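Participant: Below are the structure tokens for one structure; questions will follow.
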Amino acid sequence: MGNTTTLSDNPRVSNPANTNGSKSGLPPATSPKSDLMGLQSLRPDDHFHSYPEYFVERRHEECIRCLVCVRQCPYDCTYYDPDRDVVYNVHQNCVNCKRCVAMCPTHCIRIERFDSGFRDNGHWGTHLVRGLRKQADTGGVLLTGLGNDLPYPSYFDRIVLDASQVTNPSIDPLREPMELRTYLGRKPESYRPGSPGEVFPNILCEIPVLFAPMSFGAISYNFQHGLALAAQEMGTYFNTGEGGLHPDFRKFRDSVIVQVASGRFGVDPDYLLSSAACEIKIGQGAKPGIGGHLPGEKVNAEISRTRMIPVGTDALSPAPQHDIYSIEDLRLLIYAIKEATEYTRPVSVKIAAVHNTAAIVSGIVRAGADIVVIDGFRGGTGAAPMIIRDHVGIPVEVALAQADQRLREEGIRHQASIIAAGGIRNSADVVKAIALGADAVYIATSAMIAVGCTLCQQCHRGLCAWGITTNRPDLLPRLPADQAAGRLTGLLRGWQHEIQEMLGLMGLNSIESLRGNRLKLRGVGLTQLELQTLGIRQAGL
Amino acid sequence: MEEVISAKDLYYRELNARIRQKARAGVEHIRLTDVQGHRYIACGLQFKNLQLRVSGVPGEDLGAFMDGPTVVVENNAQNGVGNTMNDGRILVHGMAGDVVGYGMRGGRIYIRDGAGYRVGIHMKGFKEKQPMLVIGGRAGKFFGEYMAGGYLILLGATGGSTGPVVGDYCATGMHGGTIFIRGKVEEYKLGKEVKAFPLTPEDESFLRPILVDFLESFALDVNIFDFDSYQKIVPVSTRPYGKLYAY
């Protein structure tokens, strides 16, 4: 750990492992003259910081010294030298969040990839080399945020939609009714007018898009507030994640799905009852098989209160729920929640998409879950080991198709709704997921991008320059809740119109007619086996 | 006035619905008879003055999410007693199974005899709201794992049992709260995040009324005031895994 000590001794380079709430983001009081443009070499064996990942280029003649970039940078990357009257950068600290680029009134800042030192190599990619050096420096597990960013093939991008021509007229959604309403939950075995039999609790979504679990702690108070307002406005739901429900947000009880995970943070009867539905978190697409871990940097007084753990401690939510080692154990918890809520709410179970998803989903449905969430390997996270985020799990498209198929074959598809999650990027992904068998989808990364996220993957550090994944008091106001709500509502409205258009062009007037309707899909550039796995036909056939 | 509900031939869902119905009608003392593994008794109940006596052996998740009532079990209990319990009291006149007090947030649980594996894991605590779990006998592996708050007290005095008071992996990943164990806990059994200390006079005066209450609750007559045999286990780091990651 010798290098770490040396780094933190250097006032010019922030050692993120040591960051805490006291960081001001202000420039150092003095700036050594020997440092030209922050390009000093720190020490010969400091392999990580010797090679900056990004280079902040500033056209000094256009810079008006307003210092907004200095004030806005939470990564200690930008500072002002009053002697020279020049703004400089410590390039090593830049994460390319583009906050300064966006805020600069004269647009004089540009951030470029700084690959100097690394020759092009098809096998040893720059991210690999950087990871190796960082590990050699710290001896740690590489931590990251957001979702798997490696160029694995996307099945969504190899599936195209059908359209009506001549024989099956399309429908104009601007003039004709178009139904997006979706009910999530268990449906009755059969229906006879006059004797409906046992009716199970369902939640009504006006649009088959819900906000995915993101915990208060992982995301900011304001962002969660924005999600709540947008969900309420659009007739859909946000999900607390496993961090509990802040007392201020209990008023959104009709628009929230509350989560119960292994850490049981913030779970009491009031919490379970302040909800439209309850969800048991077994796994997460970004880190299947491992647990949640909210770094201590992000556990402030408010988070401590909501989660009932000490301030500054790591919020550990280990992989297994230690009372769940089997489908029968899962049934115990599902029914404990149903008992506690007197069978008034659907209970959802969320798992990561893995190799035996279809069989696992069948077990979950038989255990009594009313909703099953399948979270694919593109799903995001507030903090996960990079090696797991990038290499574990499978695409949601195949897991979803197989699970839907399996439940149909077993005659239990009506017993639970399916929510697909993990990397849903636009309304076409929504439509394709529903045609592959989902009832609805969860979105999180899309929602974050809608409110300003630039995908810099620093969520785990609690320093988000855009105020999305931080609760630091100076950063929090950067994303006001009403602004977030407005943008999220805008996103959903846009998708709503697009989904209606896509239904219309397929000659459908209801989202129900699309669910599991794989005849509306065709594969492009997929092998026979892939087509078979997805249950779709080759384009042209 | 105590009302009686016979659990005979009732499915747990019906039994629990009847308990809720009576509690809503203002009944404060209910006796359940013929309980034979009925699950979820008192699950999620929020009636502060409700007192429930259970004759027979209750099933899993007794008092799960419970928020106020007092439950007295006249016999042994199964797994999941007080799972994520928020407030109230549970007294078990016998032994309990695995995962007692999982994620417990408040209230008290007294188990007269021993308990199984994974007892008191993920217990929470915030300011004055500190859950407490007292076990008269021994406990198995993973005692107090991932503990974040509250008090876990293991006395190793009842149940007629011999052998080690606690199993391996005791207090692994513990980052808050306090464990008191009467008896020897070998160093190798403890998580590396915690340390065992002898009791201070403050600890003794904290424990004394709790122990008296425990003994009185079960009309027990054993000497558990030998504070020299106790160890106090507390975390030495609030971030046991803080150094595991490269940011």
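Participant: Do any GluC sites (Glu not before Pro) in the range B:177-245 lie in a loop, going by DSSP, with at most 14 other beta-carbon atoms within 10 Å of their beta carbon, and if so which?
Facilitator: The qualifying sites are B:Glu186.
Participant: Let me ask something else. What net charge is computed for the residues neighbouring B:Ala64, neighbours being all others with C-beta under 10 Å from the C-beta of B:Ala64, Lys and Arg scored +1, Asp and Glu -1?
Facilitator: Neighbour charge sum, excluding B:Ala64 itself: -3.
Participant: For chain B, give me the percentage of DSSP beta bridges that are antiparallel, rounded to the nearest 5 percent.
Facilitator: On the way: 9 of 47 bridges.
The antiparallel proportion sits near 20 percent.
Participant: On a 0 to 90° scale, report how tilted helix B:12-24 is relative to the longest principal axis of chain B, with both axes built from alpha carbons and the result rounded to the nearest 10.
Facilitator: 80 degrees
Participant: Further, regarding this structure: What percent antiparallel are the DSSP beta bridges of the protein assembly as shown, to the nearest 5?
Facilitator: Given both bridge residues lie in the protein assembly as shown, the antiparallel proportion sits at roughly 30 percent.
Participant: Now a separate question. Tell me which trypsin sites (Lys or Arg not before Pro) from the range A:98-186 have a DSSP coil assignment and no more than 15 other beta carbons within 10 Å of their own.
Facilitator: Listed in order of number, the matching sites are A:Arg119, A:Arg175, A:Arg181.
Participant: Hey, which aspartates and glutamates would be in cross-link range of B:Lys192, C-alpha to C-alpha under 14 Å, not counting anything within fewer than 8 residues on its own chain?
Facilitator: B:Glu145, B:Asp168
Participant: Could you check what % of the DSSP bridge pairs in the range A:239-344 are antiparallel, to the nearest 5?
Facilitator: Values: 3 of 8 bridges.
Roughly 40 percent of the DSSP beta bridges within the range A:239-344 come out antiparallel.
Participant: A follow-up question, please. Enter the Cα centre distance for the pair the range A:484-508 and the range B:182-207, rounded to the nearest angstrom.
Facilitator: The two parts, judged by their Cα centres, are 60 Å apart.
Participant: Also: If the limit is 26 Å between Cα atoms, which of B:Lys48/B:Lys195; A:Lys350/A:Lys432; B:Lys48/B:Lys124 go over it?
Facilitator: On the way: B:Lys48/B:Lys195 37 Å; A:Lys350/A:Lys432 20 Å; B:Lys48/B:Lys124 21 Å.
Long pairs (Cα-Cα over 26 Å): B:Lys48/B:Lys195.
Participant: What's the angle, to the nearest 10 degrees (0 to 90), between helix B:201-217's Cα axis and the longest principal axis of chain B?
Facilitator: Relative to chain B, helix B:201-217 is tipped by roughly 30 degrees.
Participant: I'd like to know how chain B sits against the 2.2 N^0.38 Å rule of thumb: what's its Cα Rg over that expected value?
Facilitator: Against the compact-globule rule of thumb, the ratio is 1.01.
Participant: Counting only Cα, what are the radius of gyration and maximum Cα-Cα distance Dmax of the range B:94-235, in Å?
Facilitator: Considering the range B:94-235 through its Cα atoms, Rg and Dmax are 13.3, 38 Å.
Participant: If one computes the Cα centroid of the range A:185-239 and of the range A:91-148, what distance in Å separates the two points?
Facilitator: First find each Cα centre; the distance between them is then 38 Å.
Participant: Right, here's the next one. For peptide B:44-52, how many partner chain Cβ atoms fall within 10 Å of a residue's Cβ, on average?
Facilitator: Counting other chains' Cβ atoms within 10 Å and averaging over B:44-52 gives 2.
Participant: Can you tally the net charge around A:Leu332? Count Lys and Arg as +1, Asp and Glu as -1, for every other residue whose Cβ sits under 12 Å from the Cβ of A:Leu332.
Facilitator: Local charge sum for A:Leu332: -4.
Participant: Students often check this: by mean Cβ neighbours within 10 Å, which of A:337-346, A:461-470, B:87-96, A:491-500 ranks highest, and how do the rest follow?
Facilitator: On the way: A:337-346: 21.1, A:461-470: 26.3, B:87-96: 22.9, A:491-500: 19.4.
Per-residue mean Cβ counts within 10 Å order the peptides as A:461-470, B:87-96, A:337-346, A:491-500.
Participant: Ignoring everything except DSSP H segments at least 4 long, calculate the 222 nm mean residue ellipticity for chain B; use -39,500 (n - 2.57) per segment, divide by total residues, nearest 500.
Facilitator: -4000 deg cm²/dmol
Participant: Taking N as the number of residues in chain A, what is its alpha-carbon radius of gyration divided by 2.2 N^0.38 Å?
Facilitator: Dividing the Cα radius of gyration by 2.2 N^0.38 Å gives 1.03.
Participant: If you don't mind, there's one more thing I want to ask. With the cut-off at 1.5 for a/c, could you classify the range A:182-501 from its C-alpha gyration tensor as rounded, prolate or oblate?
Facilitator: Since a/c stays below 1.5, the shape of the range A:182-501 is classed as rounded.
Participant: Continuing with this model, one more query. Under a Cβ-Cβ cut-off of 12 Å, what is the net charge of the residues other than A:His246 that fall near it, where Lys and Arg count +1 and Asp and Glu count -1?
Facilitator: Overall, the nearby charge balance is +2.
Participant: If the cut-off is 20 Å between C-alpha atoms, which aspartates and glutamates fall inside it for A:Lys98, apart from same-chain ones fewer than 8 positions away?
Facilitator: Correct list for A:Lys98: A:Glu53, A:Glu57, A:Glu62, A:Asp76, A:Glu112, A:Asp115, A:Asp149, A:Asp474.
Participant: Please list the non-local residues whose amide H lies under 5 Å from the amide H of A:Glu179, H modeled 1.01 Å from N, same-chain partners needing a gap of 5 or more.
Facilitator: Amide H to amide H, under 5 Å and 5 or more residues apart or across chains, A:Glu179 pairs with A:Ser510, A:Ile511.
Read-outs: derived from the displayed coordinates by stated rules, not from any lab. Everything quoted here is computed from the prediction, not taken from an experiment. Backbone-built Cβ (ideal geometry, glycine too); neighbour counts: all protein chains shown.
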